Amino acid sequence: MALALGACLACMAAIAAPSVPVTVHDVRLWAGPDGTRLVLDLSGPVQYSVSTLRGPERVIVDIPNARLAKSPRELPGGQGYVRKMRLGTPPASGALRLIVDLSKAATPHSFAVAPAGSLGDRLVVDLDNSATTTVASTPTTAAPTPIAVKSAPAIDGRDIVIAVDAGHGGVDPGSIGKRGTYEKNLTLAIARRLKERIDREVGMRAILTRDGDYFVEHRERIARARRKGADMFISIHADAVVDRTVTGSSVYTLSVRGASDESARWLAHRENASDLMGGVKLDDKDSVLASVLLDLSQGASMTASIDAASKVLQELDSVSVVRRRTVQNAGFLVLKAPDIPSMLVETAFISNPGEEQKLSSPKHQLQLAEAIHSGVRSYFLGNPPPGTRFAQLRERRDGGAVIAQREPAVSIGRELTNSAVGTATSSLSD
Ligand SMILES: [Zn+2]
């Protein structure tokens with residue numbers, strides 16, 4: 001491939017190569033319904049440039065003073081807008097050039113992400129068709145066209161924190177399926193996958209109320225969420241009933257005024273019994289206090305819980321049969337965190353042999369995690385807590401336009417910057 005490098009060399013010259021070499025540990029790719037996200041996992045902050053080439057359509061990512069830790073053969077490809085990825089002749093010695101061959105024309109939106117949690121510095125390139133008209137108006141020569149040369153605007157809001165609560169654990173196995181599957185193991189597997197998915201979302205991060213096979217009482221689960229400043233509490237369970245033919249997912253919120261039906265009440269009793277199983281005596285005084293607190297704060301937090309739970313239910317509808325199309329409510333102890341919007345997701349019926357098998361499959365666990373994440377994300381796009389990155393992004397949107405309910409999971413970074421040249425430290429640092 002003969003690249004005419006004039007424009008790109010100019011933009012490379014504008015950014016001095018960092019003195020410390022950067023290692024690209026991994027290149028990850030995933031495609032959503034409306035876009036494709038490419039993530040480069042880096043050893044440190046980078047300066048970079050992203051440009052496009054036409055005929056055939058390509059996106060070029062140049063990083064000065066960098067190397068790829070893995071073999072180019074291990075680069076992902078063949079997803080969404082991406083046909084293939086490969087290394088190109090670097091524009092300068094020691095630089096890394098990643099060429100993304102597109103399956104169809106796309107506009108790249110790139111931004112750098114500072115380390116957060118277990119993840120290090122990252123460079124994110126989102127591909128979508130959001131600005132095809134702009135692209136069409138640019139020269140269609142073979143010369144790379146830098147998209148823009150400016151620094152990323154400062155987005156310094158905090159992450160939205162989601163407490164993911166794997167139901168049961170340790171001495172309390174939860175429900176047990178016919179094949180011997182323990183609910184406590186399924187809930188932990190799904191919770192971990194959900195945490196991983198949430199942590200990949202810029203502007204969100206998750207904490208687990210338990211991350212192993214041990215018992216945690218309901219009150220302590222809430223306390224852990226509160227200590228970590230959780231904006232939402234999601235408890236993961238897998239239902240069981242005597243009738244083995246019953247299937248489907250349900251989403252519950254707390255009700256202090258009685259359960260939505262007899263089975264919701266019965267379920268709440270079962271889930272609440274967990275504390276007794278773990279040897280914890282329920283304290284009446286606390287439940288009186290809790291109900292007072294609940295009455296005081298019920299308005300805002302209950303509405304939020306129901307809104308968010310409805311969104312999760314909608315998303316679950318696409319991966320599994322939904323047992324009831326509306327959010328159910330019952331007096332779950334684990335949801336009694338009046339100041340944190342909370343929901344309990346009964347992912348499926350472990351008592352049904354088919355669902356027991358499905359719940360054990362990593363693929364289905366991922367789908368459930370993906371659906372719950374989508375619902376929660378969709379809720380927070382519409383209702384971002386003040387001071388969060390989500391809130392800042394919303395403020396930046398033109399004329400405060402209403403955000404579509406079902407944005408692709410790859411689009412959140414789009415508003416951060418459309419710059420082709422940025423530094424990892426200029427945005428999204430904690
Ligand atoms: Zn349970």
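Bear in mind that the values in this text are calculations on the coordinates, not laboratory data. If you're wondering where the values come from, they're calculated on a predicted model, not measured in any experiment. Backbone-built Cβ (ideal geometry, glycine too); neighbour counts: all protein chains shown.
To the nearest Å, what is the center-to-center distance of region 18-65 and region 211-241, using C-alpha atoms only?
Distance between centres, Cα-based: 37 Å.
Could you rank the peptides 234-247, 78-91 by their average count of other C-beta atoms within 10 Å per residue, with the highest value first?
234-247, 78-91
Take peptides 345-356, 36-47 and line them up by average Cβ neighbours within 10 Å, highest first, as a rough protection proxy.
345-356, 36-47
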